[in-house]
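Computed from the coordinates by the stated procedures, all read-outs in this text should not be read as laboratory data. Keep in mind that this is a model prediction, so the values were computed, not measured. Backbone-built Cβ (ideal geometry, glycine too); neighbour counts: all protein chains shown.
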Amino acid sequence: MNRHTRMDRMILSLNSIFLCLAVLVVLVPLVYVVIASFMDPTVLLNQGLSFNISDWSIEGYKRILSDDAMIRGFINAILYSVGFSVITVVVSVFAAFPLSIQGFVGKNFFMTLFLITMFFSGGLIPTYLVVKDLGMLNTIWAILLPGAVNVWNIILARTYFKGIPNELHEAAKVDGASDLLIFLKIVLPLSKPIIFVLALYAFVGQWNSYFDAMIYLEDPKLHPLQLVLRSILIQNQAEPGMISDQLAMAELAKISEMIKYSAIVISSLPLMVMYPFFQKYFEKGVMVGSLK
């Protein structure tokens with residue numbers, strides 16, 4: 001049985017304290033937002049959090065969920081996030097597999113081209129012009145295609161593929177399998193962790209995004225959830241000098257406070273539901289894909 005020295009115990013104690021503080025830093029804001037989303041805004045503004053059930057209210061959720069734009073935005077966000085995840089994963093794994101094969105001619109050249117795009121880009125205006133000239137403005141393709149090629153995802157997938165024993169490739173080639181068949185029948189079934197990691201990265205990034213939709217989509221029926229929430233919050237905010245009636249100003253502040261926390265919970269719910277199912281793949285995929 002290994003016994004810890006005094007220094008080991010001290011380091012373990014410091015690690016435990018640090019981890020507890022890290023958990024509190026994450027957990028306290030989360031608990032605050034969830035409880036605040038169920039509270040009467042008047043009580044929240046005047047007294048802060050209350051654990052008295054009589055001070056709670058679900059009016060904020062009723063207001064948001066009764067909004068047709070909110071429901072439509074939620075459906076759009078799901079479609080955009082799932083579609084973007086599928087396209088990104090397919091592009092990433094098909095680009096990464098050739099770059100992971102030993103003896104692939106030109107892989108260093110292609111990898112250099114990919115890496116250059118991580119440090120240099122055309123910028124917002126040239127990108128907008130490209131999207132416009134391709135006829136993708138005000139379509140879902142303006143959301144799904146421009147950011148589908150992610151070099152960091154390609155690097156992660158390539159590193160993971162390199163960790164698959166080369167003997168499997170050689171044995172399959174002896175049996176007459178082509179590179180495509182090796183990829184589909186051997187590599188992909190062994191690559192579930194990295195595929196789930198790439199899908200989760202893409203889904204979370206797209207789910208939290210609103211800027212691209214704000215730039216490229218004019219039709220409100222195409223707006224994703226985050227852009228709808230932004231519009232709702234902006235509509236329910238005003239500077240003190242804009243409203244002379246103090247009662248109207250107070251009512252506007254109550255509505256804004258009521259909607260704000262409920263919107264945060266609703267927009268975060270899919271991610272909190274997804275992560276427990278992806279966690280085992282996420283941990284394995286990130287470690288193997290980034291630290292070979």
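In plain terms, the chain from THR127 to LEU30 could stretch by 31.3 nm, reckoned as 0.36 nm per residue minus the Cα-Cα distance.
A cut-off of 5 Å between modelled amide H atoms, ignoring neighbours fewer than 5 places along the same chain, links ILE101 with no other residue. Sparse packing (at most 16 other Cβ atoms within 10 Å of the Cβ) combined with a DSSP loop state is found for the following trypsin sites (Lys or Arg not before Pro) in the stretch 1-110: ARG3.
Length gained on full extension, LYS221 to LEU181, computed as 0.36 nm times the residue gap minus the Cα-Cα distance: 10.2 nm.
The value of relative contact order for the chain, using C-alpha pairs under 8 Å at least six residues apart, is 31 percent. Remark on MET39: its backbone amide H falls under 5 Å from those of SER57, a criterion applied only to residues 5 or more positions apart or on other chains, H modelled at 1.01 Å from N. Among PHE183, PHE277, PHE38, the largest mean-square fluctuation in a Gaussian network model of the chain (Cα springs under 10 Å) belongs to PHE277.
Each of HIS4, HIS169, HIS223 was scored by other Cβ atoms within 10 Å of its Cβ. Listed from fewest to most, they are HIS4, HIS169, HIS223. Computed from the Cβ-Cβ distance with R0 of 22 Å, the FRET efficiency linking LEU271 to PHE18 stands at 0.30. In order along the stretch 27-38, the Karplus-derived 3J(HN,Hα) couplings, from 6.51 cos²θ - 1.76 cosθ + 1.60 at θ = phi - 60°, round to 6, 4, x, 5, 5, 4, 5, 5, 5, 4, 5, 9 Hz, and Gly and Pro are given as x. Stretching GLU170 away from THR117 to a fully extended chain increases their span by 15.8 nm, per 0.36 nm per residue minus the current alpha-carbon distance. The value of relative contact order for the stretch 133-236, using C-alpha pairs under 8 Å at least six residues apart, is 41 percent.
Note on the chain: dipole from Cβ charges, positive end direction compared against ILE53, THR127, ALA202; the farthest Cα belongs to ALA202.
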